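Only one structure is covered here, and it is reproduced in the block below.
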Amino acid sequence: MPNTLIQNGTVVTARDTVRADVLIEGERIREVRSGLPADGADRVIDATGLYVMPGGVDAHTHLDMPFGGTTSADDFETGTRAAAFGGTTTIVDFAIQARGTRMRDALDTWWKKAEGRACTDFGLHMIVTDLGHAGLEDMDDMVREGVASFKLFMAYPNVLMVDDATIFKALSQTAKNGALICMHAENGSVIDVIVARALAEGKTAPIYHALTRPPRAEAEAVHRAIAMAEIAGAPVYIVHLSSEDALHEVREARDRGVPAFAETCPQYLLLSIEELERPNFEGAKYVFTPPLRPKNHQPKLWDGLKDDHLQVVSTDHCPFCFADQKILGKDDFTKIPNGGPGIENRLQLLYHYGVNQGQLSLNRFVEITSTAPARIFGMYPRKGEIAPGSDADLVLWDPASDYLISAATHHMRVDYSMFEGFRVRGNARTVLSRGEVIVDGGQFLGRPGRGQYLKRAARGGAWQ
Ligand code: URP
Ligand code: ZN
Ligand code: ZN
């Protein structure tokens, strides 16, 4: 692979912002300093006026995922390609252990889904649905395979939910093997009772998805998850945190020195519950869990990001087409496949509404979209960093580029955008993955199957 010199750019990492050139040798970064000579480089990329940032790391995606009788609309090819257009060069997706089966079966299934398709590097978390007789051994086995994190559900009874004993056993195992438990924290039993009452009263429209999943049901589960993690002596990571109530629980724990971490998603920072009231069933486009909250939660989440009570912004990208998938719940909101698309727009939205609007420094932007997820999920400093030895996963970011988000132009394989009509300033111009230019000026230059599986290290280190 040729040597590449990126010249005249401004290198932005989670730590600092400096005028420097970046020399890439093969797949890795060789040197970072100003005034690197161009002779000897096979290719020179002029980054005048651009930020050179580590490629985005999206630690929460669902590609080709079965859910509610259908499958998420992006597979590993279309999903990672769309991610690359938006400047994300690493994803961590979720394999799902089917009840009564071994985790290795799920890992094999998800490797096959990615094989020949992934355009960027990817890791896998394992969703644990059943510890059975061999579950704890399976967890250790997964850690050896680089699956250094597990997701457990406190919601969706009879489908994905596990009981507190299972959660506690899994947490205790990670206290030994160094993996990280990611928690979908909502009290599923309580929610199911509220849902049954709503349906009995004939409340079937999309808005009832949000009204039957109150913020307190999220906060209660976050509190319980953290308490169980404390008893087990393990760290815990709350996924897709959506509300002020839940954030309060994380903040309180962190203030006591507990290794509790949490992510939120662009949809919770920028959209609110009113979206679910859109006419003609269009509210279904915004049905995912936890649901969108009243607008007053949004500034609290931004504050959480600023103050490091929230460490990461992921997408929870889980797209279902409106026309033939969301429609499954036309007469009953519980049958609407849960999930929304966003893998392509995370950096654009966070840059525009975070950096441009003064909510985030440039360095904090890099930290929450790349460096922190790389660290927490055992990929740092290979990913999430611009330093000698790191993978040359880089985004050349044009802060002056105007971009209109729309389903008409996006690259996700889904027929709507949750952020339709949002006009942002700042976008990826050139994207490199392990030294290879995979996106340039709106053109995809990568190739399906070039993305590699990432064996992630247990004890990412963020809590040590
Ligand atoms: O509604 C959502 N979030 N769908 C994806 C699965 C999950 O819970 O993350
Ligand atoms: Zn979840
Ligand atoms: Zn998810």
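No value in this document is a laboratory result; all are computed from the given coordinates. These numbers were taken from a predicted model, which means no experiment stands behind them. Heads up, the Cβs are rebuilt from the backbone with ideal geometry, glycines too, and the neighbour counts pull from every protein chain shown.
Data overview
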{"quantity": "Residue list for region 300-324, restricted to those being farther than 22 Å from PRO373 by Cα and away from ligand 1 (no atom under 12 Å from the Cβ)", "calculated": "CYS321, PHE322, ALA323, ASP324"}
{"quantity": "Which listed residue is more than 22 Å from ASP316 (Cα to Cα) and outside any helix (DSSP H, G or I), from ALA234, ALA198", "calculated": "ALA234"}
{"quantity": "Enumeration of residues in region 66-88 that are crowded, with 24+ Cβ neighbours inside 10 Å and within 15 Å of ligand 2 (Cβ to nearest atom)", "calculated": "SER72"}
{"quantity": "Members of region 219-269 that are of a type in the set (Ser, Thr, Tyr) and in contact with a strand residue (DSSP E or B) (Cβ under 8 Å, 6 or more places away or on another chain)", "calculated": "TYR237, SER242, THR264"}
{"quantity": "Single condition SER149 does not satisfy, out of (1) touching a Cys at 6+ places or on another chain (Cβ under 9 Å); (2) of a type outside the set (A, V, I, L, M, F, W, C); (3) away from ligand 1 (no atom under 16 Å from the Cβ); (4) over 22 Å from PRO337 (Cα atoms)", "calculated": "(3)"}
{"quantity": "Matching option when the condition is closer than 29 Å to PRO294 by Cβ, more than 24 Å from the chain's Cα centre (by Cα) and in contact (Cβ under 8 Å) with a residue 24 or more places away in the chain, among ILE207, ILE194", "calculated": "ILE207"}
{"quantity": "Residue satisfying all of: in region 228-279; within 16 Å of ligand 2 (Cβ to nearest atom) and without any contact (Cβ under 8 Å) to a residue 60 or more places away in the chain; surrounded by the fewest Cβ atoms within 10 Å (Cβ to Cβ) among these", "calculated": "TYR268"}
{"quantity": "Odd one out for ALA205 among (1) assigned to a loop (DSSP other than H, G, I, E, B); (2) in contact with a Ser or Thr (Cβ under 7 Å, 6 or more places away or on another chain); (3) not polar (S, T, N, Q)", "calculated": "(2)"}
{"quantity": "Looking only at region 104-146, and only at residues there that are of a type in the set (Ser, Thr, Tyr) and more than 16 Å from ligand 1 (Cβ to nearest atom), the one that is nearest to the chain's Cα centre (by Cα)", "calculated": "THR120"}
{"quantity": "Flag if THR101 is among the β-branched types (Val, Ile, Thr), away from ligand 1 (no atom under 16 Å from the Cβ), surrounded by fewer than 23 Cβ atoms within 10 Å (Cβ to Cβ) and free of Cβ contacts under 8 Å to residues at least 40 places away in the same chain", "calculated": "yes"}
